[in-house]
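The values are calculated or read from the model by the stated rules, or taken from the named source; none is laboratory data. This one's a predicted model, so the numbers in the text were calculated from it and none came from an experiment. Virtual Cβ from ideal backbone geometry, glycine too; neighbours counted across all protein chains shown. Just so you know, the surface numbers come from the protein's heavy atoms only, side chains and all, with ligands and any DNA or RNA stripped out. Shrake-Rupley method; radii C 1.70, N 1.55, O 1.52, S 1.80 Å.
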Amino acid sequence: ERGSFTCTGMTGGGTWNQVKGTFSDDTSVLLATCASIKKYGKVNALDMMRRLAFWLYRGDYTPDGKVINVGNSTLQAINAFDGVNPFCGRSSEWNNGNGALMRMLPLAFVEDISDEDIRRVVTLTHAHELAIKYCTGYVRVAEAIRKDMESEITYTLPLYSSAYVKDTFNSAIYAFTTTSSYEECVLKAINLG
């Protein structure tokens with residue numbers, strides 16, 4: 001929990017007892033999203049969902065071919081994927097984890113991306129309106145920052161550490177807008193718990 005540790009650099013171990021430099025499902029699903037966008041230059045929901053399934057079932061986009069974690073909503077959605085309909089996210093209040101949010105950032109680099117395109121990407125795994133709202137907001141904030149790197153966006157809200165989409169959004173934006181380097185941003189985010 002926040003306050004129970006201080007991270008000052010990259011270490012091994014952690015929740016899944018991984019070697020230094022290993023990344024988790026968060027990065028894997030982001031890489032799957034990036035690969036799809038790179039191939040098509042736009043949102044291709046079916047391709048994205050297939051890549052998520054390849055990550056989960058084959059270990060694609062992992063550092064060593066092994067999936068070390070998957071959130072419940074993401075797991076349920078990928079397991080429900082029939083190879084044809086990619087929109088498998090559930091819409092209950094319990095489907096507001098950060099599993100969709102962690103793969104949204106690449107969408108900020110898709111030219112003229114619509115809210116509907118963002119919604120389509122979110123609902124691959126998370127279809128509750130709150131998850132859609134925060135994921136769309138995240139893309140729009142990242143897009144604004146990308147377009148104007150000199151912007152002076154400040155984000156001050158109570159910050160809570162959890163896997164809830166709203167808490168992760170607030171912490172990510174706070175860490176990003178209050179630091180000046182990748183390393184500083186990642187360390188701040190980690191130390192927020």
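Are any residues in region 10-26 exposed (fewer than 14 other Cβ atoms within 10 Å of the Cβ) and at negative phi, and if so, which ones? Passing the criteria: Met10, Thr11, Gly12, Thr15, Trp16, Val19, Lys20.
A single member of Ser161, Ser171 is modelled with pLDDT under 90, of a type in the set (S, T, N, Q) and either on the phi > 0 side of the Ramachandran plot or not in a helix (DSSP H, G or I) (or both), and it is Ser161. Would you confirm whether or not region 145-156 contains a residue that is open to solvent by less than 40 Å² (accessible area, probe 1.4 Å) and not hydroxyl-bearing (Ser, Thr, Tyr)? Within region 145-156, one or more residues are open to solvent by less than 40 Å² (accessible area, probe 1.4 Å) and not hydroxyl-bearing (Ser, Thr, Tyr). Kindly check whether there is at least one residue in region 86-101 that is under 30 Å from Ser4 (Cβ atoms) and either charged (D, E, K, R) or part of a helix (DSSP H, G or I) (or both). Yes: one or more hits.
Can you pull out the residues in region 164-193 that are open to solvent by less than 40 Å² (accessible area, probe 1.4 Å) and not β-branched (Val, Ile, Thr)? Hits for region 164-193 are Asp167, Phe169, Asn170, Ser171, Ala172, Ala175, Cys185, Leu187, Leu192. Of all residue pairs spaced 6 or more apart or on separate chains, those with beta-carbon atoms under 7 Å, a first member in region 2-17 that is over 13 Å from Asn191 (Cα atoms) and a second member that is in a loop (DSSP other than H, G, I, E, B) and open to solvent by 70 Å² or more (accessible area, probe 1.4 Å) are Thr11/Lys20; Gly12/Val19; Gly12/Lys20. Output the number of residues of region 32-71 satisfying the condition of being in a helix (DSSP H, G or I) and acidic (Asp, Glu). Number of matching residues: 1.
Please tell me if Val43 is open to solvent by 40 Å² or more (accessible area, probe 1.4 Å) and touching a Leu at 6+ places or on another chain (Cβ under 8 Å).
Taking the combined requirement at face value, the residue does not satisfy it.
Would you check if Asn79 is part of a helix (DSSP H, G or I), more than 15 Å from Asp25 (Cα to Cα), polar (S, T, N, Q) and open to solvent by 60 Å² or more (accessible area, probe 1.4 Å)? So Asn79 passes the test. Regarding Leu105, is this residue aliphatic (A, V, I, L, M), open to solvent by 20 Å² or more (accessible area, probe 1.4 Å), within 22 Å of Thr168 (Cα to Cα) and without any contact (Cβ under 8 Å) to a residue 40 or more places away in the chain? No; evaluated as a whole, the condition is false for this residue. Kindly establish whether Val29 is part of a loop (DSSP other than H, G, I, E, B) and surrounded by 11 or more Cβ atoms within 10 Å (Cβ to Cβ). So Val29 fails the test.
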